[in-house]
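Following: one structure in structure tokens, then a few remarks.
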Amino acid sequence: MNNSLLLPLIVVFVVLIIVYILLGSRRRRHRMSHYHRKRKAIKALFRRVDHGAHIAYEHGVHRSPHWGRVADEHLLREPACVACGYRGKHVQVHHVKPFHLHPDLELDPNNLITLCEARGREHHLLLGHFDSWHSYNEHIRADAKHFYRKSAAQIRLDMRWQKMMLQRP
């Protein structure tokens, strides 16, 4: 084959490979973004579950229509998890005394505390509910100080927490 024809063929071949790679990566990116959108939507469904309202409903108690405002005001006053200092979208407002047992304290600011559900910490579930949404911890303020800055794994290994788990209400 002539050298003068070889160079344009190589250039065309390289350009075709580049175009194929670019188009292929765009398709993969689109597929990935669709997958991530789906996954994010599923996570959002689980994140939006109001475990306290669900448990209260089982006991015949309903959330106050003012709960959202009170929770937002609390997060302005206490924006960080008291068990680790985390500030972010995974902080939640927790009732010290559960509102299904004390409905009169549902909107009381003195009955609220901020705990997180950040991955690897899960202080709301572990410290506020002893690893079961049906349980509660009325000594959460003292326990948050005791377990300050400990990860979920460290808390689960702690003998004090394991004893509390056995005695949980």
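A few notes on this one:
- Candidate set: the stretch 63-116, residues that are in contact with an Asp or Glu (Cβ under 8 Å, 6 or more places away or on another chain) and loosely packed, with under 14 Cβ neighbours inside 10 Å; chosen: the one modelled with the highest pLDDT: P109
- One residue alone among L112, L105 is farther than 26 Å from A153 by Cβ, more than 20 Å from the chain's Cα centre (by Cα) and either assigned by TED's automatic domain parsing to the domain that holds I140 or aromatic (F, W, Y) (or both), and that residue is L105.
- Here the helices (runs of 4 or more DSSP H) wholly within the stretch 83-169 that include at least 1 residues being over 19 Å from H51 (Cβ atoms) and of a type in the set (F, W, Y) are 159-166.
- Criterion violated by K97 - all others in (1) under 10 Å from T114 (Cβ atoms); (2) touching a helix residue (DSSP H, G or I) at 6+ places or on another chain (Cβ under 7 Å) satisfied: (1)
- Residue in the stretch 128-141 that is farthest from the chain's Cα centre (by Cα), counting only those that are among the hydrophobic types (A, V, I, L, M, F, W, C) and at pLDDT below 95: F130
The values are calculated or read from the model by the stated rules, or taken from the named source; none is laboratory data. No experiment lies behind these values; they were computed from the predicted model shown. When we count neighbours, we look across all protein chains shown, and the Cβ atoms used for this are built from the backbone with ideal geometry, even at glycine.
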